[in-house]
Each structure stands twice: as C-alpha cells, then as structure tokens.
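Colleague: Input: one structure, supplied below.
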Amino acid sequence: MDAQTLCSRIADPSQPHAARLSALAVDEALAQPLSALMPGGRAETLAVEALRGWLATEGALLWLARAVESLRQEAIAIDSLGDELPEPLVAGLERLLGRPWSPDRAVVLAVLDRKPVRQLIRQLLVEALVEFGHSVSAPVHGVARGLTGFARRATEKAGVLGAVASAVGGEVERQLERKAAAFADQALSGVVQKLADALGNPAQAEAQAELRAALFEGVLGIHGGALSRELVRADVVGGTRLLREALSGWLATAPGEAQARRLVQRLLAREGARPAGELLQELGLRDALRGFVVETLAERMRAVAASEPFRAFAAELLAD
C-alpha cells in the first residue's frame, strides 16, 4: 500500500479507520491511572499555569461582559423565570427545598451575629417601636387640638396652648425615640438568639421548608425586566474583576502557589491510582465523554490525513 492510498482510506468518512484509531487512543488513555496521565507534577503545573493564564487575560472579562449583556437582552422578553424553567426542573427544586432540614444553630448564629446584621435589626426595631408609639400617642395630640378649639378666645393673642401642645408633642416624640433606642439595644441580642433558634431548630424544620419554598416561589415570579435590571446593578464583570485581582495576589505569592499545587496533589492522592475510565464510570460520565472524544478526534484525524503535510509524512514513513 502506498502513502496516497493509506491517507485516502483514513480520510474517507465512509470508512471506520479514523474512528477505530481514535477509539484505540481514547481507550488506552482511559485505562491509565490519573497519576500516569499527569506524572511528575505536570497536573499541578498545568492547573497553576492555566489559572495564571485566565487571570492575566483581559479577553476573559470581555467574553464575560458579552455573555452577561446577551443574557440581559434575553431576560427582557421573559414574562417570569418560572415560565422559562422546565417544569420537571421546577418540580425537582421544589421537592429539594421542601425537604425537612434545618442548619445547625451554631452555624446560623455565626452567620447572623455580625455587626452589619445587628445594626440592621436594631434599625428595624427602633423604626417599628417609634411608629407604634406615634400611633399610640395620637389621642394625646387630639386632646390638645380639642382644647385649642375650646379655649381659643382666651388664648388667641398669646397662643399659649398651641405652644404647650407643640412642646408636649415634641417631647413625646423625643421620649419615644430615646426609649425605643434603649429598648432596641437591650433586645438586640435576644432577637439574634431567637432568630438562630427559629432557623436552626430541628423542630421547626417543616416551617423552614415552607419558608424556603415561599422564597423560591417569589424568585420564580421575578419578571424578566426586573432580572435584566438586577444584572446591571449586580455588576457581574466588576465583581469578577475583584475576584481575579484577589486570586492574582494570592497566586503571586510563594505560599499561594504552594497551596494551589497542594490542592491538585490532594485530589490526585485520593483518586490518582484509579484508572481514568473507572472514575468517569462512577461519575456517570464515561460513555458520553468517550463517545464525544472519539468522534471529535476521528474528525480531526480525517482532516489531518487529507492534508498535504500528512501525505508527505506518510510517504516519508513508508519509504523507510
């Protein structure tokens, strides 16, 4: 067989030769342990260099910006998120969120007991108490207005009763605000503790599941226009830029690079002795991934076999 015939047979899509050769290569690779596919620190080096390349490429941010803008434009036409998501997915998420589960109270308390959270709770308490106090003190102002009408002739020139009523009303408001603030300060720790109890109490797991389901229902009802505006307000690209800067600073240090390498090493230490195909089979990915790689590689082999450089290479190889 000459080089021309060999190349033509490999390049012919009606022939199985390229697919068979691709399958041989892929199956040989899948039979190897992960550590053999990436020996001598190559996996750690590849991971670190790939991360460095992503962090140093502004094109990655431009791509993200285009993706976010495309998503924003598509979101405008959406009536609601719930209408766009497939029904089986929505039903599955509802079942997942409806499971009777509650987080550990200590974890909830560790998240909630932070200065900004406490400040928000205090502000809400003070506002609610002052608003309630104003509604309770309304009859006092009504009495003052009644007295003003009753004694108008006696005090018309001096305006004494109006001044008294104004002073009383102002003092009531100041007392309300002071007492509300004092009460909120005293009650704050108790409110945080009770929130942790409510969110981390296994006895309340059913109620917590109902809360999660209600929040999910609210998310599904978000209109596409609102989602589009939130994508702009969230500044996804700006947030990603900050994350990239943080990762760049971490990876630029010797301890940071060592930590990144150790992450890959730990993964390989746990799974490195297993054949790649066995691990992929356990994850349910082997067949789909193998079929895709074999087909893609076969297409590339056919294209290469049809090229003049490969024909020259085959002719040289067969001539020896």
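Every read-out reported here was derived from the displayed coordinates using simple, explicitly stated rules and does not represent laboratory data. Keep in mind the model is a prediction, meaning the values are calculated, not measured. Cβ: placed from backbone, ideal geometry, glycine included. Neighbour counts: every protein chain shown.
Colleague: If we count other beta carbons within 10 Å of each Cβ, what is the order of H134, H17, fewest first? Could the numbers behind the result be given before it?
Modeller: Details: H134 13, H17 16.
By the 10 Å Cβ count, ascending, the order reads H134, H17.
Colleague: Which residue fluctuates most in the GNM of the chain (Cα springs below 10 Å): D287, D79, D235?
Modeller: Taking springs between Cα atoms under 10 Å, the residue moving most is D287.
Colleague: For the chain, just run the numbers: alpha carbon Rg, then divide by 2.2 N^0.38 Å, N being how many residues it has.
Modeller: Numbers: Rg = 35.0 Å, N = 320, 2.2 N^0.38 = 19.7 Å.
Relative to the rule-of-thumb radius for its length, the chain sits at 1.78.
Colleague: Along the Cα-to-Cβ line of R262, 7 Å from the Cα, sits a label point; which residues in the range 32-54 have backbone N less than 19 Å from it?
Modeller: Residues passing the 19 Å test: 41-49.
Colleague: Report, in degrees rounded to the nearest 10, the 0 to 90 angle that the Cα long axis of helix 87-97 makes with the longest principal axis of the chain.
Modeller: Here the helix axis deviates by roughly 60 degrees.
Colleague: I want to check the label-to-label distance for F132 and A91. Put each point 7 Å from Cα in the C-beta direction and report it in nm to one decimal.
Modeller: For F132 paired with A91, the spin-label model returns 4.5 nm.
Colleague: Where Lys and Arg each count +1 and Asp and Glu each count -1, what net charge lies around D197 among other residues with Cβ under 15 Å from its Cβ?
Modeller: Numbers: positive: R105, K194; negative: D104, D113.
Overall, the nearby charge balance is 0.
Colleague: Fewest Cβ neighbours within 10 Å first, please rank V68, V107 accordingly. Write out the running numbers ahead of the final one.
Modeller: On the way: V68 17, V107 12.
The fewest-first ordering by Cβ neighbours comes to V107, V68.
Colleague: Can you give the longest stretch of the chain with no exposed loop site, where a site means trypsin sites (Lys or Arg not before Pro) in a DSSP loop (not H, G, I, E or B) with at most 16 other C-beta atoms within 10 Å? Numbers along the way, then the final one.
Modeller: Details: sites that count: R114, K157.
Counting only loop sites that pass the neighbour cut-off, the longest clear stretch is 158-320.
Colleague: Using a Förster distance of 25 Å, how high is the FRET efficiency between A106 and A203, based on the Cβ-Cβ distance and rounded to 0.05?
Modeller: Details: r = 16 Å, r/R0 = 0.66.
Rounded to the nearest 0.05, the efficiency is 0.90.
Colleague: Taking only Cα atoms and a 10 Å spring cutoff, compute GNM fluctuations for the chain and point out the largest among L199, L268, L289.
Modeller: So, out of L199, L268, L289, the one fluctuating most is L289.
Colleague: Additional query: Most mobile of A60, A11, A209 per a Gaussian network model of the chain (Cα springs, under 10 Å)?
Modeller: Fluctuation is largest for A11.
Colleague: Show that you can apply the helix-only estimate: for the chain, add -39,500 (n - 2.57) for every DSSP H stretch of four or more residues, divide by all residues, and state [θ] at 222 nm to the nearest 500.
Modeller: Computed ellipticity for the chain at 222 nm equals -27000 deg cm²/dmol.
Colleague: Roughly speaking, what is the stretch gain from A60 to R42, that is 0.36 nm per residue apart minus the C-alpha to C-alpha distance, in nm to one decimal? Display every interim value, and only then the final one.
Modeller: Working: separation 18, 0.36 × 18 = 6.48 nm, distance 2.42 nm.
Contour length minus the Cα-Cα distance gives 4.1 nm.
Colleague: Go ahead and run the numbers for FRET between L243 and R114, Cβ-Cβ distance against an R0 of 25 Å, rounding to 0.05.
Modeller: Plugging the Cβ-Cβ distance into 1/(1 + (r/R0)^6) gives 0.70.
Colleague: Could you give the length gained on full extension between I222 and D83, defined as 0.36 nm per residue of separation minus the Cα-Cα distance, in nm? Walk me through the intermediate numbers first.
Modeller: Numbers: separation 139, 0.36 × 139 = 50.04 nm, distance 1.00 nm.
Additional length available on full extension: 49.0 nm.
Colleague: Cα atoms only, the range 1-85: Rg and Dmax in Å?
Modeller: My reading of the Cα-based Rg and Dmax gives 22.9, 65 Å.
Colleague: Here's a follow-up. Using the alpha-carbon atoms, what tilt in degrees (0 to 90, nearest 10) does helix 42-56 show relative to the longest principal axis of the chain?
Modeller: That works out to roughly 50 degrees.
Colleague: State the extension gain, in nm to one decimal, for the chain segment bounded by D12 and Q73, taking 0.36 nm per residue of separation less the distance between their alpha-carbons. Spell out each step's value before the answer.
Modeller: Values: separation 61, 0.36 × 61 = 21.96 nm, distance 4.37 nm.
Gain on stretching D12 to Q73: 17.6 nm.
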